[in-house]
Structure formats: C-alpha cells, structure tokens
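**Q** Submitted below is the structure of interest, expressed as structure tokens.
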Amino acid sequence: MKRLLSIAAIVVLSSSSVFAIPLLSPGDAIIAIDMDGNSEYPGGESPANAIDGTLAKYLNFGRENSGFIVTPSMGPTIIESFQITTANDSPERTPIAYLLFGTNDPIVTTDNGRGLDENWTFISVGVLDLPLTPDTVGPMVYLPAPAGPFTSYKMQFLSTKNFDENGFNMANSMQIAEIQFFGTPEPASLCLLGLGGLALLRRRR
C-alpha cells in the first residue's frame, strides 16, 4: 500500500514544472495553416511529420505566417516550453520567429485553412535561434510563464531564415523536421493518469 501511495505522490508532483513532460505524440490531430491563405504542402511532407518522432519533415509553401494547429491526445495541457528540430536541407526555409496561441474550442478550421475559426488566446511570441545544420535539435524555447490548460495549440511561423549558404534569397517554403511541446496535463487529466497507474499496479499484485 505504501508503494501505491508513493507512486500516486510522484504523479501529483509531476504537475510541477520540474517534471515537464512531452505533450505531443505521433497520431495527435494536426493540420496545416497559413494566416495569409496560402497553405499548401507536398503529399509526403504533411504536418503529421512534425510530430511523428522521425526526421521526416513538414513543409508548407505558405512560407511566412504558415504553421499548424495541434490537439494533444492526452487532453487539456499546460505548456511551458517547446523545441524544434531542423529539416534535412535548405536552411533558408527554417523559421526564425513564432507566434503561439491556445484554445479550448473544438477545432473547426480545415486543413490548409487560415486558423481563424476558433477563439484563440495569445500565449507567446519570440525569435527562434535554430541552427543552420540540417536534422539538428534546436535549443529549448521557454515561455515567459506556463500557459493553459488548453486543448489545442496554434503555432504560426512569422518568417524564415530566407537565405542559403551563399547569401542568396532562396526560401520558397517553411519547413521543420520535428516539434515537441513540454509541460503538464491539467490537474483533472493528471489525476486520471495517476488512478490509471494505480489500477494497473493493483491488477499486478
């Protein structure tokens, strides 16, 4: 019984920022957007690639102001930070600035839409210092304060590096290989996860 209580305590403590966990998983609902109405991606480079756990990339010909809307399958979450992995080529397509929003509305924006059909709460805006090296994990980006809980997030990339190694303006799109949000499930979801873990332990006894 003491062991069960200890595990429950760990689950509750994980709501602290010290125990921030990945919030996005392969298969989570994700769609492409572009605030300018120019969202388009190749069939093999869809937004699902950005959270599939591989180096397959998400590319959007909308360039600046393109991005995605994602709904974590774990339910409402509190976001604290995120991290981006650069794509396999063309560093001029790498984002250099972002806007992040959250919502608890059902997502009715369609794939390649503008992302304006829900009520969005501003979370953060900032500059990205991503490496020029392909397939490289960038630095952790910490938000000024934890935000949420929200059921879905919208990330818009404001611009790209827009140059190649020779200094030419070459970007015809925006691309990333991976993105991961870090934070905690909101308390109700966290309790459900803890109860699920306790039930599993009881079944094993």
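**Q** As a test question: what accessible area, to the nearest 10 Å², does Leu100 have when a 1.4 Å probe is rolled over all protein chains in place?
**A** Spelled out: Leu100, probe radius 1.4 Å, area about 0 Å².
**Q** Could you work out how far apart the two model spin labels at Ser159 and Thr54 are, taking each label as a point 7 Å from the Cα in the direction of the beta carbon, and quote it in nm?
**A** 3.4 nm
**Q** If you stretched the chain out fully between Ile96 and Asn119, how much longer would it get, using 0.36 nm times the residue separation minus the C-alpha to C-alpha distance?
**A** Taking 0.36 nm per residue and subtracting the Cα distance, the gain is 5.7 nm.
**Q** Mind ranking Val141, Val125 by accessible surface for me, highest first, 1.4 Å probe?
**A** Numbers: Val141 30, Val125 80 Å².
Largest accessible area first, the residues go Val125, Val141.
The values are calculated or read from the model by the stated rules, or taken from the named source; none is laboratory data. Just so you know, these numbers come straight off a predicted model, no measurement behind them. Cβ: placed from backbone, ideal geometry, glycine included. Neighbour counts: every protein chain shown. Ligands, DNA and RNA are excluded from the accessible area calculation, which covers all protein heavy atoms including side chains. Shrake-Rupley method; radii C 1.70, N 1.55, O 1.52, S 1.80 Å.
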